[in-house]
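First comes the structure, then the notes that go with it.
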Amino acid sequence: MRWFFLILAIAVVATAVALGPRGEKFSDPPFELFNDMDRQYKQRPQKSSNIFDDGKGARKPVAGTVPIGFKFPHAGNEKDLASDLDFSAGDDFYNTGLFGDFYGKGYPKNLTIDEEFLARGKERYQITCTPCHGESGNGQGVVSKYWAIPPSANLIDPRVKAMPEGQLYWTITHGKGLMGPYNGVVSVRDRWAIVAYVRALQAAAE
Ligand code: HEC
């Protein structure tokens, strides 16, 4: 037992000596057991880069980039932009999809379901939902090729067809099972536009 503690003490001291020194200056790079990602390929601020012809490392934003929260200067555009950025806090049907404890049927009165609204819904659906639910809504998006358990719901199924609009809106807002909530990335108005487009997909599948 005595030897054990002696050897243990020597081992501890040896380890501390080998790994311990800190704060001193060395000319050689330190021995790295775990390099903690000290060295990685990246572009440091204000440094040049040979990737681009102009040799600049820092790039300008792509033409047309709009920072979040930026207000377009054009007069008359403010209303659209406000609805683009509205992610809801209200407790009415428009914001929740609910009437009291029940999913609401139909669309909120302040919305006009026209061609333009559907086009917006189509665009947003294709960006947000297609990977899982597929272009046609059949649940066979690209994700199903790699990650099939459980499969994304078939949105053109009679089961989903029978759901009130408010329930579809609620599902986009809060997610369901493995489907995450989209209330942080899809604005309230766009969620309703997607609902309208899902209805169009269902009608087209008949
Ligand atoms: C990351 C993959 C994924 C994305 C993206 C996704 N969903 Fe889903 N969705 C699922 C899965 C998985 C289910 C099945 C959840 C369950 O039944 O547990 C589902 C279920 C649903 C359902 C049926 C809910 C129910 O009550 O059975 C609807 C409606 C739906 N999604 C709509 C959408 C819409 C609209 C979008 C785009 C805004 C979207 N989903 C985006 C994976 C996704």
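Rule-based calculations on the coordinates, nothing more; no lab input. Since we're looking at a predicted model, the values are computed, not measured. Positions of Cβ are generated from backbone atoms using ideal geometry, with glycine treated the same way; all protein chains shown enter the neighbour counts.
Please work out which residue is nearest to the ligand (Cβ to nearest atom), limiting yourself to segment 132-186 and to residues that are farther than 18 Å from residue 98 by Cβ and hydroxyl-bearing (Ser, Thr, Tyr).
Within segment 132-186, the match that is nearest to the ligand (Cβ to nearest atom) is 152.
Since residue 133 meets every condition but one in (1) within 21 Å of residue 206 (Cβ to Cβ); (2) over 19 Å from the mean Cα position of the chain (by Cα); (3) surrounded by 14 or more Cβ atoms within 10 Å (Cβ to Cβ), which condition does it not meet?
(2)
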